[in-house]
Structures are given as C-alpha cells and as structure tokens.
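Okay, so here's the structure we're looking at.
Each reported figure results from applying straightforward, stated rules to the coordinates on display, with no laboratory input. These numbers come from a predicted model, not from an experiment. Cβ coordinates were reconstructed from backbone atoms using ideal geometry, including for glycine residues, and neighbour counts include every protein chain displayed.
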Amino acid sequence: MHRKILVDWFYTPKGRLLKNQEAAYLKQSITVSCKQVIVQIGALGWEDEYIDCSTYEQFYVLDDEQPAWYETKQIRSLSYILPFKPEMVDLVILPHILEFSANKHEILRKVDRILKPEGKLIILGFNPWNAYINLQYIKYREKGAPWIPSLVGRAKILDWLNLLNFEVDIAAGFNFDKVATLASDGKKRKQEFFVAAYAVKAIKRCYRLIPLTPVKKYSQKLAMAKIIKPVNNEKYDENS
C-alpha cells in the first residue's frame with residue numbers, strides 16, 4: 001500500500017473512525033510547550049484535527065510527496081534525511097511512516113540524533129496481526145508490490161526503542177470503535193491481536209558515564225583522642 005493510498009483510505013468509513021481516534025490520541029499526547037520544536041515525518045493532510053498550527057509556530061512536517069495541512073510549515077525531504085541540527089527538537093511524530101519505508105532503522109537513528117535529551121517520540125503503526133488491515137493492503141497494493149505488507153509489530157518497535165535508550169511512557173491500541181491501553185513492557189496481551197493500529201509514546205533517556213578518578217593510597221596514622229574523664233556512677237547521697 002502506497003502512502004498516498006493510505007491518506008485516501010483515511011476518508012473511507014472505517015478509515016474515518018481510525019482517523020478520529022488517532023487524532024484524539026495525538027491531541028492529548030502533544031504536551032510540549034507551544035514555543036518548542038515539533039517535527040512530524042510524513043504528512044497526513046488533517047494535522048489541524050490534533051494541533052493548532054497558529055499556536056505551535058515551530059511545527060514542521062517533512063514529506064517529499066504528500067501535502068500537509070496548508071497552515072503547517074512543510075519541508076520537502078525524504079523521511080530518513082532530517083535537516084535539523086543534533087538535539088534541537090522537542091517532539092517527533094511518526095504517523096504510519098515506518099511501515100512504508102525501507103529505512104526503518106535509519107529513521108529511528110536520525111530521530112534519536114535530532115531529539116533533545118528527555119525529548120518525546122510518538123509512533124503510530126498498523127497492527128500486522130490484524131486480518132482487515134492485511135486485506136486492505138492486498139486490495140490497494142500497487143502493481144509489483146510484495147504480497148506481504150512491511151508492517152512492524154508493537155513488540156518489535158519496543159525492542160528497537162530500547163536499543164536506542166528510549167523509555168516507553170504509554171502504549172495504546174485502536175480498534176475502530178474504541179481505544180485500549182496496552183502493556184508498555186512488550187508483553188503480549190490478547191487484545192493486541194485484534195487492534196487495527198497502535199500508538200507508542202516514548203522518552204529519550206541519556207545516560208552519561210561519570211569517569212571515576214583513581215583512589216589515592218593513604219598511609220594509616222594513629223589519631224590521638226582526648227581522654228574523657230569517666231562519669232562517676234556512684235549514687236548521690238543526699239545526707240553527705
């Protein structure tokens with residue numbers, strides 16, 4: 001399924017249900033200040049449903065094909081080429097971009113590079129175990145495209161984030177009619193096989209090594225202590 005077909009699918013009856021849930025999740029999850037830098041990799045066209053572009057003046061959308069909401073600051077760029085300086089972005093949003101990219105690991109490494117320490121990352125993805133999502137891929141896939149979609153499961157995403165020292169804050173699943181909270185430690189739950197899509201919110205942790213200086217050897221010396229006169233334990237005689 002090409003990404004343009006994905007954007008069009010969001011306006012089908014089932015696509016609208018999923019779009020509304022994901023928009024509500026993103027609106028609730030964008031907790032950074034309006035003065036901070038937000039980068040979204042991959043345009044959706046309905047960014048206005050979860051972010052006020054007039055308030056968040058440093059909200060940028062990167063895409064080399066699809067147009068974003070007309071009020072956004074859009075940058076024409078490939079998903080794995082991020083024209084930002086290291087550690088200058090406060091929040092990165094990846095809305096269904098990894099499943100359409102052959103450079104999944106490269107994208108995550110570049111995201112790690114541009115995010116500030118304690119910066120936040122939000123990933124939206126389709127559930128590879130959902131039968132309906134796989135049927136939609138087969139229905140809309142382009143000529144010559146592989147029969148098996150390149151979808152990434154949530155457990156694998158958590159493993160990749162763990163290698164990059166990201167700490168998962170919360171994970172959610174979307175099943176057209178409801179939102180479910182999923183385990184954030186990678187453990188499989190029964191409802192994970194039924195959700196159509198999932199969301200992961202993670203925080204970039206930076207653990208810096210503190211060099212230890214060698215301990216100097218000190219020669220043992222005797223310390224002179226002041227002799228304290230012992231307290232007389234004899235009972236006080238009132239008649240004396």
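Tabulated data
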| item | result |
| --- | --- |
| Under 13 Å, Cβ to Cβ, from Arg141 - net charge with Lys/Arg +1 and Asp/Glu -1 | +2 |
| Cα gyration tensor, segment 3-204 - rounded (a/c under 1.5), prolate or oblate | rounded |
| Relative packing of 63-72, 38-47, which averages over residues the other C-beta atoms within 10 Å, highest first | 38-47, 63-72 |
| Only Lys, Arg (+1) and Asp, Glu (-1) charged, at Cβ; segment 3-204 dipole about Cα centre in debye | 580 |
| Protection proxy ranking, peptides 4-16, 93-105, average beta carbon neighbours within 10 Å, highest first | 93-105, 4-16 |
| Candidate aspartates and glutamates for bridging to Lys4, where Cα separation is under 15 Å - those fewer than 8 sequence places away on the same chain excluded | Asp63, Asp64, Glu65, Glu99, Glu142 |
| Reachable aspartates and glutamates, given that their alpha-carbon falls under 16 Å from the alpha-carbon of Lys19 and they are not under 8 places away in the same chain | Asp8, Glu47, Asp48, Glu49, Asp177 |
| Relative contact order, percent, segment 3-204 [alpha-carbon distance under 8 Å, six or more residues apart] | 19 |
